[in-house]
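Report on the following structure.
The values are calculated or read from the model by the stated rules, or taken from the named source; none is laboratory data. As the structure is a prediction and not an experimental result, all values here were calculated from the model. Backbone-built Cβ (ideal geometry, glycine too); neighbour counts: all protein chains shown. Calculation scope for accessible area: heavy atoms of the full protein, side chains included, ligands and nucleic acids excluded. Shrake-Rupley method; radii C 1.70, N 1.55, O 1.52, S 1.80 Å.
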Amino acid sequence: MQVVRVLFLSKHEKTLRELVDLTGLSPGGIQDALRRLRTEKIIKTKRKGNKLFCKLVISESEQEILGKIFSECASQEIKIRALKLSKNFESTIGWIDQTAQTYQQLKKVDNA
């Protein structure tokens, strides 16, 4: 799905190396994905010299559906990251509150 996402968002053909760099997948993993996508006629590939270029070939209605899927995925990823950040924030605030209370208690003991 990462390969399709990169090809969909880029709107231009990409080389195997670019797909590796943009997805973080291994060259072998990319080649496996490309083989499956080519079999399903979702992409076309062409070779120029020693470079393999890939291009997404889907209909407008399929593009619309993919756009909605990727938009929803991005929205969910943002929500998940925000939740993680808020939990970290709450944890940090809790730690600061505890530290302040401990400091106040120690200060009372020192003054007594």
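May I ask you to list the residues in the range 1-28 that are touching a helix residue (DSSP H, G or I) at 6+ places or on another chain (Cβ under 9 Å) and either open to solvent by 90 Å² or more (accessible area, probe 1.4 Å) or not in a helix (DSSP H, G or I) (or both)?
Met1, Gln2, Leu9, Glu13, Lys14, Arg17, Leu22, Gly24, Leu25, Ser26
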Applying the selection to the range 29-72, what residues are touching a residue at least 40 places away in the same chain (Cβ under 8 Å) and either small (Gly, Ala, Ser) or not in a strand (DSSP E or B) (or both)?
-> Gln63, Leu66, Gly67, Phe70
Considering residues of the range 1-15 that are under 10 Å from Cys54 (Cβ atoms) and either modelled with pLDDT of 90 or more or of a type in the set (D, E, K, R) (or both) only, the residue nearest to the chain's Cα centre (by Cα) = Lys14
Taking only pairs six or more apart or across chains, which ones have beta-carbon atoms under 8 Å, a first residue in the range 1-22 that is within 14 Å of Glu62 (Cα to Cα), and a second residue that is part of a helix (DSSP H, G or I) and open to solvent by 30 Å² or more (accessible area, probe 1.4 Å)?
-> Phe8/Gln63
For the range 70-82, indicate whether the set of residues that are surrounded by 14 or more Cβ atoms within 10 Å (Cβ to Cβ), within 20 Å of the chain's Cα centre (by Cα) and modelled with pLDDT under 80 is non-empty.
-> yes
